[in-house]
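Read through the structure below, which is laid out as structure tokens, and then see the notes.
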Amino acid sequence: MANIKSAKDRIKTAKRDLLKNVSVKTKIKTYLKNAESAISGKSADVKALVSKAVKVIDTAVSQGVLHKNTASRKKSRLMKKAKK
């Protein structure tokens with residue numbers, strides 16, 4: 001356990017950041033799964049679901065949760081599936 005006050009604060013900050021990051025990553029996975037299931041099911045609202053997934057991914061990049069290259073890769077794979 002940390003003895004220094006700043007180290008104790010960093011532990012709290014790290015825990016808070018971890019919870020936020022896990023929550024955002026879970027949200028991304030959910031939107032990607034919804035979009036992919038709509039693509040495979042040939043649903044009518046594929047375009048809307050794909051654009052929402054892309055928006056969530058871009059938001060995660062701006063929040064610092066995902067690296068821009070990771071986001072680009074996820075979006076690229078989703079678009080590739082959508083075009084088939």
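Picking from residues in region 1-11 that are charged (D, E, K, R) and surrounded by 11 or more Cβ atoms within 10 Å (Cβ to Cβ), the one that is nearest to K74 (Cα to Cα) is R10.
Looking across region 12-26, the residues that are open to solvent by less than 80 Å² (accessible area, probe 1.4 Å) and over 30 Å from L78 (Cβ atoms) come down to T13, A14.
If you filter region 27-84 down to residues that are on the phi < 0 side of the Ramachandran plot and assigned to a loop (DSSP other than H, G, I, E, B), you find that the one that is surrounded by the fewest Cβ atoms within 10 Å (Cβ to Cβ) is K84.
Which pairs turn up if I take residues in region 16-40 that are more than 9 Å from A53 (Cα to Cα) and look for partners that are among the charged types (D, E, K, R) with beta carbon separation below 9 Å, at least 6 apart in sequence or on another chain? Within 9 Å, the pairs are E36/K81; A38/D45; I39/K81; I39/K84; S40/K81. Can you find a residue that is in contact (Cβ under 8 Å) with a residue 12 or more places away in the chain and over 23 Å from L19 (Cβ atoms) anywhere in region 58-77? Within region 58-77 (the criterion being in contact (Cβ under 8 Å) with a residue 12 or more places away in the chain and over 23 Å from L19 (Cβ atoms)), the answer is yes, since at least one residue qualifies.
The values are calculated or read from the model by the stated rules, or taken from the named source; none is laboratory data. These figures come from a predicted structure and were not determined experimentally. As a convention, Cβ positions derive from the backbone with ideal geometry for all residues, glycine included, and neighbour counts pool all protein chains shown. Accessible surface areas use protein heavy atoms only, side chains included; no ligands, DNA or RNA. Shrake-Rupley method; radii C 1.70, N 1.55, O 1.52, S 1.80 Å.
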